[in-house]
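Below is one structure, written out as structure tokens; comments come after it.
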Amino acid sequence: QAAFETAVPFLRDLQRASLTLYRELIAQERIACHFEQNGGLALFRTAEGLQHGQHEVQQMLQFGLNMTLLDGAAARALEPAIHPEVIGAVHYEEDAFLTPHLFLNSLAKAAAAHGAEISPQTEVLGFTRENGRITAVNTTRGSMRAAQILLAAGVWSAPLARELGLHFPLQPAKGYSITMPRPPKSPRKYLYLGEAKVAVTPMGERLRYTGTLELAGFDFSINRRRVDAILRAAGEYLVDGGQQEVIEIWRGMRPCSPDGLPYIGRSRAITNLIIGTGHATLGMSMGPVTGKLLGEIVQEKSPSIPLHPFRVERFG
């Protein structure tokens, strides 16, 4: 509980800063990615679940987050796609959503247009070091040299850092997503299916269900039982949920730190290495502001958000 209460204000500030940057980037680069900020709903089918939701509202109001508790009728008035058996909801008034791959592909094109050189299908094999600095990054497409090296490789950041003698705790947490065509009665908002712990996101003509947090190391196998649980939840919380043909079942690894906070900062041991990883389930939510902070570190500017809570060596 103490770690949770410590983390929430920092995560709140990072996400709010990212939301502002999303709006700026989308407008500036004319990125079409189905971005909408119309709030989200956490749905509950049981009295116990709704009690947890009420407790969350009471907690989060203390941190200045805009949330309200709704009964089932009020929730369905906001979102008619909700199943009649849903008895209540929490309205996250600040929430936004987008289609990640559309945003990221457009952002890569915009970066290239501004002069970035992008090397796809290039694996890092290791590093060359001299006098406490990285002098080259050795890859499957040759060695690359730069004055500053940024390590932002998600769950692979910790294994790569170990090659440099750096150790920070980072656990891969596997999650699944199921993408379907949007049903006739589709949600218009981001939803969280409370007891099932499943997120539902409209993405243009598609609907994506995302869930589970499986601690299985780097095991990329698909557990069909977990996929079936997500599909079952879709039908329990939404009028037309889970009735469409599956377009894609996907899984991926989220990089999780012990205290729920990302690692953002310069390494003490290797002077030209900067690290940005450990965002757990909030990678898209905190990506833009993390990029801004890393850019400020590279340019040796004062960070726009204090970096002390995110320091890389905070566990020793």
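The values are calculated or read from the model by the stated rules, or taken from the named source; none is laboratory data. Computed from a predicted structure; not experimentally measured. Cβ sites come from the backbone with ideal geometry, for glycine too, and all protein chains shown count toward neighbours. Note: areas computed on protein heavy atoms with side chains; ligands, DNA, RNA excluded. Shrake-Rupley method; radii C 1.70, N 1.55, O 1.52, S 1.80 Å.
What about LEU41, is it within 19 Å of MET67 (Cα to Cα), open to solvent by less than 50 Å² (accessible area, probe 1.4 Å) and over 16 Å from the mean Cα position of the chain (by Cα)?
So LEU41 passes the test.
Can you tell me which of LEU191, LEU164, LEU207, LEU213 is free of Cβ contacts under 8 Å to residues at least 40 places away in the same chain and out of contact with any helix residue (DSSP H, G or I) (no Cβ under 6 Å at 6 or more places or on another chain)?
Numbers: LEU191 fails: free of Cβ contacts under 8 Å to residues at least 40 places away in the same chain; LEU164 fails: free of Cβ contacts under 8 Å to residues at least 40 places away in the same chain; LEU213 fails: free of Cβ contacts under 8 Å to residues at least 40 places away in the same chain.
Within the list LEU191, LEU164, LEU207, LEU213, the selection yields LEU207.
Since ILE134 meets every condition but one in (1) part of a strand (DSSP E or B); (2) of a type outside the set (Ser, Thr, Tyr); (3) surrounded by fewer than 11 Cβ atoms within 10 Å (Cβ to Cβ), which condition does it not meet?
(3)
Tell me the residue from ALA3, ALA42, ALA47 that is in contact (Cβ under 8 Å) with a residue 40 or more places away in the chain and touching a Pro at 6+ places or on another chain (Cβ under 9 Å), please. Walk me through how you get there before you give the answer.
Working: ALA42 fails: touching a Pro at 6+ places or on another chain (Cβ under 9 Å); ALA47 fails: touching a Pro at 6+ places or on another chain (Cβ under 9 Å).
Exactly one of ALA3, ALA42, ALA47 is in contact (Cβ under 8 Å) with a residue 40 or more places away in the chain and touching a Pro at 6+ places or on another chain (Cβ under 9 Å), namely ALA3.
Give the residues of segment 1-15 that are surrounded by fewer than 17 Cβ atoms within 10 Å (Cβ to Cβ) and either under 15 Å from PHE97 (Cα atoms) or among the hydroxyl-bearing types (Ser, Thr, Tyr) (or both), sorted by residue number.
Residue satisfying the conditions is THR6 alone.
In this structure, is THR68 touching a His at 6+ places or on another chain (Cβ under 8 Å), surrounded by fewer than 16 Cβ atoms within 10 Å (Cβ to Cβ) and over 18 Å from MET284 (Cβ atoms)?
It is true that THR68 is touching a His at 6+ places or on another chain (Cβ under 8 Å), surrounded by fewer than 16 Cβ atoms within 10 Å (Cβ to Cβ) and over 18 Å from MET284 (Cβ atoms).
Within segment 168-185, restricting attention to residues that are within 23 Å of the chain's Cα centre (by Cα), not in a strand (DSSP E or B) and not charged (D, E, K, R), which residue is surrounded by the fewest Cβ atoms within 10 Å (Cβ to Cβ)?
As a first pass, look at segment 168-185 and keep what is within 23 Å of the chain's Cα centre (by Cα): 168-182.
Narrowing further to those that are not in a strand (DSSP E or B): 168-170, 182.
Now drop any that are not not charged (D, E, K, R), which leaves 168-170.
Working: PHE168: 21, PRO169: 14, LEU170: 21.
Filtering segment 168-185 for residues that are within 23 Å of the chain's Cα centre (by Cα), not in a strand (DSSP E or B) and not charged (D, E, K, R), the one surrounded by the fewest Cβ atoms within 10 Å (Cβ to Cβ) comes out as PRO169.
If VAL239 satisfies every condition in (1) of a type in the set (A, V, I, L, M); (2) in contact (Cβ under 8 Å) with a residue 40 or more places away in the chain; (3) open to solvent by less than 50 Å² (accessible area, probe 1.4 Å) but one, which is the exception?
Just one mismatch for VAL239, condition (3).
On the given criteria, is GLY252 closer than 30 Å to GLN1 by Cβ, open to solvent by 30 Å² or more (accessible area, probe 1.4 Å), within 14 Å of the chain's Cα centre (by Cα) and touching a residue at least 12 places away in the same chain (Cβ under 8 Å)? Step through it out loud before you land on a result.
Working: closer than 30 Å to GLN1 by Cβ: yes; open to solvent by 30 Å² or more (accessible area, probe 1.4 Å): no; within 14 Å of the chain's Cα centre (by Cα): yes; touching a residue at least 12 places away in the same chain (Cβ under 8 Å): yes.
No, not satisfied.
Hey, any hits in segment 95-103 for a residue that's open to solvent by less than 50 Å² (accessible area, probe 1.4 Å), out of contact with any strand residue (DSSP E or B) (no Cβ under 6 Å at 6 or more places or on another chain), not in a helix (DSSP H, G or I) and not polar (S, T, N, Q)?
yes
Can you name every residue in segment 1-54 that is in contact with an Asp or Glu (Cβ under 6 Å, 6 or more places away or on another chain), part of a helix (DSSP H, G or I) and closer than 29 Å to GLY72 by Cα?
Scanning segment 1-54 gives a single hit, GLY49.
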